[in-house]
């Protein structure tokens, strides 16, 4: 569950010190400075996944330094991988310097000094910081070192997958049980490792299970993007990812559903969501076609088998429920 705090509940004269203390306590001890500490504002939230943590930090422009003295005093021995979700960030560590913009990823090592800052004209900055214990990373330290304080574009490849997954944790972390969060920690660590390995060109150095999970996440994302394509089939999915049909089915073995079953389930879920929307007046067959069902009769029969009602009956029920709640149709 997210533990969220905001400077709005702190007296104005104490907000900067409050944020500095919170970052040192929940993320890593650092020395933070601001040109306008009297008018400082910030928000923070921490999601404990059990084994690793995700922190969301929003703040006015500041400068952060992790010094050798702070490292000697306290070191969680982590790699911290951040998604810049608002404004930008400058980071220097281990002789490397980078400027990361919104949508980029950037990483630092808590066992080495660094200097980071956000531009004074950038408005509120925001980071999603993934705190990764070193044992959670299957790559060796000497492999990871070249990526410290390097901009990792989050627009494509495994970086885009990881960025999207981190955002989904922010949006949905509160809905997960502790057991689910524990499983998500494994997925998160695997995606992070796959992202770093891809940038280094050492994917083959990852354990086979990590590579398989990362590939499965890529395939899931591909399916989501192409649900509306009636030609979406296992052969198309396998060809796009340059694997055999047999290898594709092996990836899904043990997930609880086949490739075809996942495509069908996600199409039905999207149709169900659209049918429940009071603002969407499209005919049922148009909604079905939008999500890849080309045969209205097959769609209606499949929908009834899964949800116990026909699509039209389900839509009428949702309208009735909205009317009973007094909400506009």
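All of the numbers you see were taken from the coordinates with simple rules; none came from a lab. The structure displayed is predicted, hence computed values, not measured ones. Cβ placement follows ideal geometry from the backbone for every residue including glycine, while neighbour counts extend to all protein chains displayed.
One table, with the values for the structure above:
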{"item": "20 °C / 1.002 mPa s Stokes-Einstein diffusion coefficient of the stretch 1-113, Kirkwood radius on C-alpha pairs, µm²/s", "result": "143 µm²/s"}
{"item": "Helix 157-172 vs. the chain, principal-axis angle (Cα, 0 to 90°, nearest 10)", "result": "80 degrees"}
{"item": "Crossing angle, helix 208-225 versus the chain [Cα axis fit, 0-90 degrees, rounded to tens]", "result": "60 degrees"}
{"item": "Cα Rg, Dmax (largest Cα-Cα span) when computed across the stretch 177-329, Å", "result": "19.2, 58"}
{"item": "Relative contact order (%) - criterion: Cα under 8 Å, at least six apart; region: the chain", "result": "12 percent"}
{"item": "The chain: most fluctuating residue of 172, 96, 295 per GNM, C-alpha cutoff 10 Å", "result": "295"}
{"item": "Förster-model FRET efficiency, 25 Å R0, residue 72 and residue 17, C-beta, rounded to 0.05", "result": "0.60"}
{"item": "Max mean-square fluctuation residue, GNM over the chain, Cα-Cα springs under 10 Å, options 184, 127, 280", "result": "280"}
{"item": "Tilt relative to the chain, helix 311-324 - C-alpha long axis, 0 to 90 degrees, to 10", "result": "60 degrees"}
{"item": "Rough spin-label spacing in nm, given labels placed 7 Å along Cα→Cβ, for residue 43 and residue 241", "result": "3.5 nm"}
{"item": "Gaussian network model of the chain, Cα within-10 Å springs - most flexible of 196, 245, 216", "result": "245"}
{"item": "Pairwise label distance in nanometres, residue 216 with residue 229, each label 7 Å out on the Cα-Cβ vector", "result": "2.3 nm"}
{"item": "Ranking of 156, 226 by count of other Cβ atoms within 10 Å, fewest first", "result": "156, 226"}
{"item": "Cα-based Rg of the stretch 261-324 normalised by 2.2 N^0.38 Å, two decimals", "result": "1.04"}
{"item": "Ascending count of other beta-carbon atoms within 10 Å, so fewest first, for 307, 59", "result": "307, 59"}
{"item": "Once the Cα gyration tensor of the chain is diagonalised, semi-axes √(5λ) in Å", "result": "42, 27, 16"}
{"item": "Whole-number percent relative contact order across the stretch 75-228, with pairs defined as alpha carbons under 8 Å at least 6 apart", "result": "22 percent"}
{"item": "Label-reachable residues, the stretch 63-82, where backbone N falls under 19 Å from a point 7 Å from residue 101's Cα toward its Cβ", "result": "82"}
{"item": "Likely footprinting exposure, 252, 303, fewest C-beta neighbours within 10 Å first", "result": "252, 303"}
